[in-house]
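A quick write-up on the structure given underneath.
The values are calculated or read from the model by the stated rules, or taken from the named source; none is laboratory data. Note that this is a predicted model, so its numbers are computed, not measured. Glycine also receives a Cβ, built like all others from the backbone with ideal geometry; neighbour counts cover every protein chain displayed.
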Amino acid sequence: MCKRCLVFILFAVVLFTVDAPAIEIDWDDEDYETNHTSLNLAINGYGIGFGNSPRLRGIRINLRDQDVEEVIGINLTFWKPGPNPQADITGLAFGLYGPSADRLAFLPVGLISVNAESSIAGISLGGLAVVSEGTIEGIALGGLATVAEEKASGILLGGLATVCAEGLDGISAGGFASVIDGNLSGITAGGLACVVGGNLEGISASGFASVVDGNLSGITAGGLACVVGGNLEGISA
């Protein structure tokens, strides 16, 4: 039963998160054209900018970000961003659709999603999803899903699911499932299931099934079943 549960969880996570078109990142589009037209009230790069300025420190307001290089301060956008493969945005990055960059730090917020290619650090909030193709450090909350394709540290929360592809140091909770394809040091909780692909040091709790593919040192609890693939030092209920 638990193996079937694991397969179902992974299928559901892929269906609701990885394949969702609203959170896809594609930096390989060679057909776009960049327009860096802007009105900057700035001195030596510090000030207020209106438009698609590539670099600014201060307050930057733009309809749609594309080929941004660096922004430190406040970045406000109103439309789905274009490719930003080199963008490094630090500060409050707020988008009606959502910020998208190579690196996001401090407070990225998107009504639809928050996307980064290399890393997200700080507190990130996405109406539907928070997705990093690299690491996540800090607190990440996605209305449907929070996904880190490399190791994460901090607190990750997803309305349906959280996914950490290379392990987690911290806390992960998903309304439907929490999936960690690596080692976990901390706490994981899922409404239906929790899956840890490596070793667990801490606590795993779910309403349906809790699966640890490696060794467990701590506590695991599942409403119907608990599975530990390696050695158990602790409590399984």
Requested in this report: Test Val195 against the criterion of being of a type outside the set (Phe, Trp, Tyr) and over 19 Å from the mean Cα position of the chain (by Cα), and give yes or no.
Outcome: no
Requested in this report: Could you grab the pairs with beta carbons closer than 8 Å, sequence gap of 6+ or different chains, first residue in the stretch 129-149 and touching a residue at least 12 places away in the same chain (Cβ under 8 Å) and on the phi > 0 side of the Ramachandran plot, second one hydrophobic (A, V, I, L, M, F, W, C) and surrounded by fewer than 24 Cβ atoms within 10 Å (Cβ to Cβ)?
Outcome: Gly138/Ala121; Gly138/Ile123; Gly138/Ile155
Requested in this report: Looking only at the stretch 191-224, count how many residues are within 18 Å of Gly159 (Cβ to Cβ), without any contact (Cβ under 8 Å) to a residue 40 or more places away in the chain and surrounded by 20 or more Cβ atoms within 10 Å (Cβ to Cβ).
Outcome: 2
Report task. Report, ordered by the first and then the second residue, all pairs with beta carbons closer than 6 Å, sequence separation of six or more or different chains, a first member in the stretch 76-90 that is closer than 19 Å to Ile48 by Cβ and among the aromatic types (Phe, Trp, Tyr), and a second member that is modelled with pLDDT of 95 or more and surrounded by fewer than 15 Cβ atoms within 10 Å (Cβ to Cβ). Result -> Phe78/Leu63; Phe78/Leu96
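Here is a yes/no grid of residues against (1) assigned to a strand (DSSP E or B); (2) surrounded by fewer than 24 Cβ atoms within 10 Å (Cβ to Cβ):
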position: Phe94; (1), (2): yes, yes
position: Gly98; (1), (2): no, no
position: Arg103; (1), (2): yes, yes
position: Val109; (1), (2): yes, yes
position: Ser118; (1), (2): yes, yes
position: Ser124; (1), (2): yes, no
position: Val131; (1), (2): yes, no
Query raised in the report: What residue, among those in the stretch 135-155 that are assigned to a loop (DSSP other than H, G, I, E, B) and closer than 15 Å to Asn183 by Cα, is nearest to the chain's Cα centre (by Cα)?
Result: Glu149
Report summary line: Apart from one, (1) over 25 Å from Gly110 (Cα atoms); (2) of a type in the set (D, E, K, R); (3) outside any strand (DSSP E or B) all hold for Glu201; the odd one out is (3)
Report summary line: Residues of the stretch 77-110 being more than 14 Å from the chain's Cα centre (by Cα), of a type in the set (A, V, I, L, M) and under 17 Å from Gly143 (Cα atoms), in sequence order, are Leu96
Query raised in the report: Of all residues in the stretch 179-193 being part of a strand (DSSP E or B) and in contact with a helix residue (DSSP H, G or I) (Cβ under 9 Å, 6 or more places away or on another chain), which is farthest from Gly222 (Cα to Cα)?
Result: Val179
Requested in this report: Give me a count of the residues in the stretch 33-75 that are part of a strand (DSSP E or B), over 20 Å from the mean Cα position of the chain (by Cα) and not basic (Lys, Arg).
Outcome: 22
